[in-house]
Every structure is written in structure tokens, then in C-alpha cells.
Amino acid sequence: MSMISKSVIGIIILVVLIAGVLYFKNSQAKQTPVTQPSPTFSTLPDQPQVVSTNPLNLDQAVIPPVQTITVTFDRPLRNPKEVNSFIEPSYPYAVSLSSDGKSIIFNFAQPLQLKAGYTLHIQQDTRFNATTTLGREIIFHFTTIDYSGV
């Protein structure tokens, strides 16, 4: 094969590659955009967000019966009297706020029952300031440890 025919073949290959790249880019631009699902309440930036819990990963956690539970938000709550919450099955507890007001602290009046399941509800009308409420219910399911003695 002569040097000219190798050059022509190289140019043809280059042209085909460039045409392929241009075609691919053009076809990507014409695709219908994928519609993202509507954001859930937990991703809306104007609503309070849970940033941490203690114990860590409270939902589905196994905790000791004397565990204090803390739920921390990205902004301060108004006051402990405006934290609307309950636990199932019903169990006596007190609510307080951390010094910066961002954490709800749940202190149980007595140790929880061993090997029992509980659901903690923080209601949507829990108030953060004069115009902001939680806007949705937050639910944590947890169980206490099983203890069979020594």
C-alpha cells in the first residue's frame, strides 16, 4: 500500500470518528430529560431537618432501657412546651431542649421495658419559631436490649 493510500485511510477513519462523536453529542442533547421525583418534605430547604440522633441511627436501633434519646435539628426550637410528641406504647417521659435549642432531649421517667419495641413520634406542629413548624411527622422505631441475666 502506498503512503498516499495509508494517509487517505487515516483521514477517513479520523472523519468517521469525529462524525461519531458529533452524532453522539447531538443525540444526547435531544433526549428527553428525566423527570426527577418531587422532593419529599425532608429535602425541602425551608423546613427544619434532623441532622443527628443519639443514639446514632435511632430508627431501628437497639438501645439500653435507660437510654436518653436526643434528636438534633438544623435550627433551634421555640421552647420545650411546643414540642408535640408521643411514644407508643405509651410511656412517661419529659422533654427538654439543649442549651442551643437545636436538640430535643427525651428523658424517660423510668427504665424502658427490656426487649420491647417503641415508636417515637415528633408531630408536624412542633414549633421552631413564630412562623415555622416541623411540617411533617418524624417517626423513629427502636427496641430495647434483651437481657437474660448472668
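From Val51, Val62, grab the single residue that is touching a residue at least 60 places away in the same chain (Cβ under 8 Å), part of a strand (DSSP E or B) and out of contact with any Leu (no Cβ under 7 Å at 6 or more places or on another chain). Spell out the reasoning first.
On the way: Val51 fails: touching a residue at least 60 places away in the same chain (Cβ under 8 Å).
Of the residues listed, the single one that is touching a residue at least 60 places away in the same chain (Cβ under 8 Å), part of a strand (DSSP E or B) and out of contact with any Leu (no Cβ under 7 Å at 6 or more places or on another chain) is Val62.
Residues in region 51-60 that are buried (at least 17 other Cβ atoms within 10 Å of the Cβ) and modelled with pLDDT under 95: how many? Outline the logic, then answer.
Step one: list which residues in region 51-60 are buried (at least 17 other Cβ atoms within 10 Å of the Cβ), which gives 53, 58.
Next, from what is left, pick out any that are modelled with pLDDT under 95: 58.
Number satisfying all stated conditions: 1.
Can you tell me how many residues within region 70-104 are of a type in the set (D, E, K, R) and under 13 Å from His121 (Cα atoms)? Walk me through it before giving the result.
Narrowing region 70-104 to residues of a type in the set (D, E, K, R): 74-75, 78, 81-82, 88, 100, 102.
Adding the requirement that they be under 13 Å from His121 (Cα atoms) leaves 88.
Qualifying residue count for the region: 1.
Wholly within region 90-150, which strands (runs of 3 or more DSSP E) include no fewer than the required count, namely at least 3 residues that are touching a residue at least 40 places away in the same chain (Cβ under 8 Å), under 21 Å from the mean Cα position of the chain (by Cα) and more than 21 Å from Gln47 (Cα to Cα)? Steps first, please.
Working: elements: 93-97, 103-108, 117-122, 138-144.
Where strands (runs of 3 or more DSSP E) fall fully within region 90-150 and carry at least 3 residues being touching a residue at least 40 places away in the same chain (Cβ under 8 Å), under 21 Å from the mean Cα position of the chain (by Cα) and more than 21 Å from Gln47 (Cα to Cα), they are 138-144.
The values are calculated or read from the model by the stated rules, or taken from the named source; none is laboratory data. All values reported here derive from a predicted model rather than from experimental measurement. In this analysis, Cβ positions are derived from the backbone assuming ideal geometry, glycine residues included, and neighbour counts consider all displayed protein chains.
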